[in-house]
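Engineer: Pasting a structure below so you can have a look.
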Amino acid sequence: METGPLLVLAALLFAIGAVGVLVRRNALVVFMCVELMLNACNLTFVTFARQHGNLEGQIAAFFVMVVAAAEVVVGLAIIMTVHRSRRTASVDDAHLLRG
């Protein structure tokens with residue numbers, strides 16, 4: 001399988017995620033867009049690993065998935081706390097963490 005279409009797909013997924021992070025105000029949607037960008041990076045890592053015939057990209061993708069799982073735990077806890085206290089999930093109304 002050629003790597004060109006996979007890299008184009010990864011770039012498209014990353015662009016959709018970046019636009020979602022920049023445009024959307026709901027914290028959950030922003031969170032999902034970050035996950036979409038991380039998955040685009042994973043697709044790129046695995047594509048290059050397959051092209052070069054080694055496992056380094058797949059190992060990097062595994063570490064990205066581990067970091068993303070930890071991010072989900074911490075991020076959802078913060079979003080739930082803000083939502084319970086403010087009754088909104090908007091990133092504009094999250095002044096709670098300001099020092």
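The values are calculated or read from the model by the stated rules, or taken from the named source; none is laboratory data. In this text the structure is predicted, and so the values were computed from the model without any measurement. Every residue, glycine as well, gets a Cβ built from its backbone with ideal geometry; the counts of neighbours run over all protein chains shown. Areas reflect the complete protein model, heavy atoms only, side chains present, ligands, DNA and RNA absent. Shrake-Rupley method; radii C 1.70, N 1.55, O 1.52, S 1.80 Å.
Engineer: In Å², what does the accessible area per residue of the chain work out to with a 1.4 Å probe?
Structural biologist: Result: 69 Å² of accessible area for each residue.
Engineer: Hey, another quick one. Quick check on the chain: helices-only [θ] at 222 nm, where DSSP H runs of length 4 and up contribute -39,500 (n - 2.57) each and the sum goes over total residues. Nearest 500, please.
Structural biologist: -27500 deg cm²/dmol, from helical runs alone.
Engineer: Something else now. Can you work out ³J(HN,Hα) from phi for every residue in the stretch 34-45, in order, using Karplus 6.51 cos²θ - 1.76 cosθ + 1.60 and θ = phi - 60°, giving whole Hz and x for Gly and Pro?
Structural biologist: 5, 4, 5, 5, 5, 5, 5, 5, 4, 4, 5, 4
Engineer: Which whole-Hz couplings ³J(HN,Hα) result when phi for each residue of the stretch 78-83 is put into the Karplus expression 6.51 cos²θ - 1.76 cosθ + 1.60, θ = phi - 60°, listed in order with x for Gly and Pro?
Structural biologist: Residue by residue, the stretch 78-83 yields 5, 5, 5, 5, 5, 5 Hz.
Engineer: P(r) of the chain in 5 Å steps, Cα pairs, percent per bin?
Structural biologist: Distribution as computed: 3, 13, 18, 18, 17, 12, 8, 6, 4, 2, 0 percent.
Engineer: Given a 1.4 Å probe and every protein chain left where it sits, what share in percent of the accessible area of the stretch 19-62 is carbon and sulfur?
Structural biologist: Whole-percent figure for carbon plus sulfur exposure: 69.
Engineer: Still on this model: Quick check: residue separation of GLU35 and PHE63 times 0.36 nm, minus the Cα distance between them. What number comes out in nm?
Structural biologist: Net length gain for the segment: 8.7 nm.
Engineer: Only four residue types carry charge here, +1 at the Cβ of Lys and Arg and -1 at the Cβ of Asp and Glu. Report the dipole size of the chain about the Cα centre in Debye, rounded to the nearest 20.
Structural biologist: Computed charge dipole of the chain: roughly 440 debye.
Engineer: When only DSSP loop residues count, what GluC sites (Glu not before Pro) in the stretch 1-92 have their Cβ near at most 10 other Cβ atoms within 10 Å?
Structural biologist: Here the GluC sites (Glu not before Pro) that fit, given the DSSP loop and packing criteria, are GLU2.
Engineer: Oh, and also: Could you list which residues have their amide H under 5 Å from that of SER90, counting only those 5 or more apart in sequence or on another chain, with H placed in the peptide plane?
Structural biologist: For SER90, whose amide H was placed from the backbone, the distant partners under 5 Å are ALA27.
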